[in-house]
Amino acid sequence: MMNRLRVLRAEREWSQADLADRLEVSRQSVNAIETGKYDPSLPLAFRIARLFETSIEAIFTDEM
Amino acid sequence: MRCSPQWLQKTPSARRYAFRLSWAMFAYVLLSLGLAYLSLHGFHPKGLVAYLFAVLPAIAIIATLVSGGMYLGEETDEFQRHLFVQSILWGVGGIMVLTSVWGWLQIYTHITHYFTIWTFPFFLVFQSVTWQTLRWRNR
């Protein structure tokens, strides 16, 4: 699954650690999601979407 | 200030797991060596007492499994949980491969007998090495 997490994070000038703190997960989790190594659960995807004030579909996509 | 590399730093629940695991393994070593010492010095109980003493180290093994289960229940970081579950699968796979290969070697060669009490320590080694490797790869 592809995602725009890195772009959204960069727009806010947050480091991975900043985003991890806001999501209450480890920095490794943010890195794994950003690099596509790990797809978050639905509850975490909702938390991410809520943090960026957008929809899940606007962040995650199954299209290349 | 933390001195360890970031990938080695643990979540609070992982630290609690490490603490519980250390105590369980300490108890396992102590009970195993204690029983061996008593046995070598003429302590050979009979009946129900013999059974009770024989399974004492297994209680420590159960404690390590329970501590792993508690970690999975307490870990709030789902990615860290995912890595731990993956390492358990690698541990199970590793021990299945080892015992299968050893079993066939026992049939067709003169390799020493495999004692099943080694199964859990080998599993724990496979699982722990894989867990740290996965954490390092995802640092």
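The values are calculated or read from the model by the stated rules, or taken from the named source; none is laboratory data. Quick caveat: nothing in here was measured; it's all calculated off a predicted structure. Please note: Cβ atoms are built from the backbone with ideal geometry, for glycine as well, and neighbour counts cover all protein chains shown. In case anyone asks, the SASA skips ligands and DNA or RNA and just uses the protein heavy atoms, side chains included. Shrake-Rupley method; radii C 1.70, N 1.55, O 1.52, S 1.80 Å.
Which one is nearest to the other protein chains (Cβ to nearest Cβ), of the residues in region B:113-139 that are of a type in the set (F, W, Y), surrounded by 13 or more Cβ atoms within 10 Å (Cβ to Cβ) and in a helix (DSSP H, G or I)?
Let us first name the residues in region B:113-139 that are of a type in the set (F, W, Y), namely B:114-115, B:118, B:120, B:122-123, B:126, B:131, B:136.
Subsequent filtering for residues that are surrounded by 13 or more Cβ atoms within 10 Å (Cβ to Cβ) retains B:114, B:118, B:120, B:122-123, B:126, B:131.
Retained after the next criterion (residues that are in a helix (DSSP H, G or I)): B:118, B:120, B:122-123, B:126, B:131.
Numbers: B:W118: 33, B:F120: 28, B:F122: 28, B:F123: 25, B:F126: 22, B:W131: 13 Å.
Looking at residues that are of a type in the set (F, W, Y), surrounded by 13 or more Cβ atoms within 10 Å (Cβ to Cβ) and in a helix (DSSP H, G or I), I get B:W131.
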Enumerate the pairs (first residue in region A:45-57 and touching a residue at least 12 places away in the same chain (Cβ under 8 Å); second residue anywhere and in a loop (DSSP other than H, G, I, E, B)) with beta-carbon separation below 8 Å, excluding pairs fewer than 6 apart on the same chain, so at least 6 apart or on different chains.
A:I48/A:P40
Please specify each residue of region B:67-89 satisfying the condition of being touching a residue at least 12 places away in the same chain (Cβ under 8 Å) and within 25 Å of B:A27 (Cα to Cα).
B:S67, B:G68, B:M70, B:Y71, B:L72, B:E74, B:E75, B:F84, B:V85, B:S87, B:I88
Would you mention how many residues in region A:1-25 are of a type in the set (F, W, Y) and closer than 16 Å to B:R139 by Cα?
0
Out of all the residues in region B:43-66, is one or more touching a residue at least 60 places away in the same chain (Cβ under 8 Å), open to solvent by 80 Å² or more (accessible area, probe 1.4 Å) and either at positive phi or out of contact with any Phe, Trp or Tyr (no Cβ under 6 Å at 6 or more places or on another chain) (or both)?
no
Of the conditions (1) within 14 Å of chain A (Cβ to nearest Cβ); (2) loosely packed, with under 11 Cβ neighbours inside 10 Å; (3) of a type outside the set (F, W, Y), B:G73 fails just one. Which one is it?
(1)
Condition broken by B:Q106, with the remaining ones in (1) assigned to a helix (DSSP H, G or I); (2) surrounded by 15 or more Cβ atoms within 10 Å (Cβ to Cβ) satisfied:
(2)
Flagged in region A:1-34 as closer than 14 Å to A:L51 by Cβ, at the interface with chain B (Cβ under 9 Å from one of its Cβ atoms) and assigned to a loop (DSSP other than H, G, I, E, B), in numbering order, are A:E24, A:V25
Name every residue in region B:19-38 that is touching a Phe, Trp or Tyr at 6+ places or on another chain (Cβ under 9 Å) and loosely packed, with under 13 Cβ neighbours inside 10 Å, in order of residue number.
B:Y37
Subset of region B:76-103 that is open to solvent by less than 70 Å² (accessible area, probe 1.4 Å) and more than 20 Å from the chain's Cα centre (by Cα) - its residue that is farthest from B:R15 (Cα to Cα):
B:G103
Restricted to region A:35-64, and to residues that are under 16 Å from B:F79 (Cα atoms) and outside any helix (DSSP H, G or I), which residue is farthest from the other protein chains (Cβ to nearest Cβ)?
A:G36
